[in-house]
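Read-outs: derived from the displayed coordinates by stated rules, not from any lab. Only a predicted model underlies this, so the values are computations on that prediction, with no experimental measurement involved. Neighbour counts run over all protein chains shown; Cβ positions are idealised from the backbone, glycine included.
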Amino acid sequence: MPILAIGLRSPITRGCEFLLLPASGYVRAWRQGYNRQAIEEFVRVLILSDIHSNIEALQACLLAAPVYDTVVNLGDIVGYGANPNEAIERSRQLGGYMVRGNHDKAASGIMDLSEFNPLAGMAALWTRNQLSEENLEWLRQLPQGPIHIPELPQAQFVHGSPIDEDEYLVTAHDAVESLLSAPVPLTFFGHSHVQGAFSSYPGEEGSLRPVYASVGRTEAVDWTLEEDRHYLINPGSVGQPRDGDWRAAFAIFDSDRRTVTFNRVPYDLKTAQERILAANLPPRLATRLSAGR
């Protein structure tokens with residue numbers, strides 16, 4: 001039985017080709033032989049994760065996002081930031097598909113806070129007290145990952161990992177079991193707040209994260225996915241990045257081109273910080289935003 005070695009894939013920069021693609025809602029049909037029922041739909045998916053009540057960061061991502069067909073939200077819509085109701089309401093307006101995160105569970109009262117650090121626990125309790133009854137109930141109804149969507153049979157979507165919704169996948173060692181056991185080639189996950197990916201291909205080694213030219217401009221990095229590999233892909237955190245880059249993060253998956261486009265976007269950091277301080281949330285929740293940690 002062959003041994004599977006796990007490496008990290010360095011993305012390939014390809015400019016902004018995605019801006020030249022046609023408008024949303026396009027569907028291409030592929031038929032194999034005479035079987036007219038064998039149809040594959042190609043879609044472009046906006047993938048968001050870990051908004052954490054940061055409405056300024058979310059708005060910046062949505063303004064920067066290219067045309068897409070549907071949205072998948074990988075959870076932790078609330079927590080840490082000062083605008084939980086606004087973050088939920090904007091997410092609901094976007095529609096699409098969603099999975100729950102641990103902060104969504106904690107803020108809605110369906111998860112024990114004993115596993116949270118003091119800062120996270122305080123923020124979860126504050127959030128619970130701020131939420132409207134409608135938004136509180138909406139959070140409680142979010143599904144547990146992994147979820148699958150009809151347009152993308154080759155992918156699954158989770159918050160932490162496909163094995164445990166609260167598991168952190170930070171290192172290649174963390175990713176081994178999830179890569180070996182995944183029933184589909186592509187798994188999109190959040191939770192770690194670190195933008196990047198893991199690959200099952202033994203020869204792929206390098207940086208966990210896409211490489212950008214700056215830390216102050218809107219930038220995008222394209223990564224072409226190979227047919228014969230499994231991937232774990234993290235779009236990064238919209239509202240609280242922890243990879244040393246303060247900019248809001250998101251990704252676009254194009255199933256036609258088989259590309260993932262990682263994106264970083266500057267946002268109104270000062271206002272987000274001022275809202276946290278005005279809400280009497282722990283100051284650390286404001287200062288960490290500027291460091292991307």
The rounded separation in angstrom of the Cα centers of the stretch 133-156 and the stretch 37-110 is 10
Of all C-alpha pairs within the stretch 69-150, those more than 15 angstrom apart amount in percent to 52
The simple spin-label model distance between residue 149 and residue 173, using points 7 Å out along Cα→Cβ, in nm, is 3.5
The Rg/Rh figure for the stretch 44-291, Cα atoms and Kirkwood Rh, to two decimals is 0.94
Rounded to 0.05, the calculated FRET efficiency for the beta carbons of residue 115 and residue 256 at R₀ = 41 Å is 0.50
Under 5 Å from the placed amide H of residue 196, counting only residues 5+ away or on other chains, we find 234, 236
Binned at 10 Å from zero, the C-alpha pair distances of the stretch 156-269 give percents of 14, 48, 32, 6, 0
Gyration tensor on Cα atoms of the stretch 105-146, a ≥ b ≥ c root eigenvalues, a/c under 1.5 rounded, else prolate if a/b beats b/c, else oblate, says oblate
Distance in nm between residue 214 and residue 94 label points, each 7 Å along Cα→Cβ, equals 2.4
Per the rule of 0.36 nm per residue minus the C-alpha distance, extending residue 226 to residue 134 adds in nm 28.8 nm
Whole-Å distance linking the alpha carbon centroid of the stretch 164-183 with that of the stretch 214-293 is 21
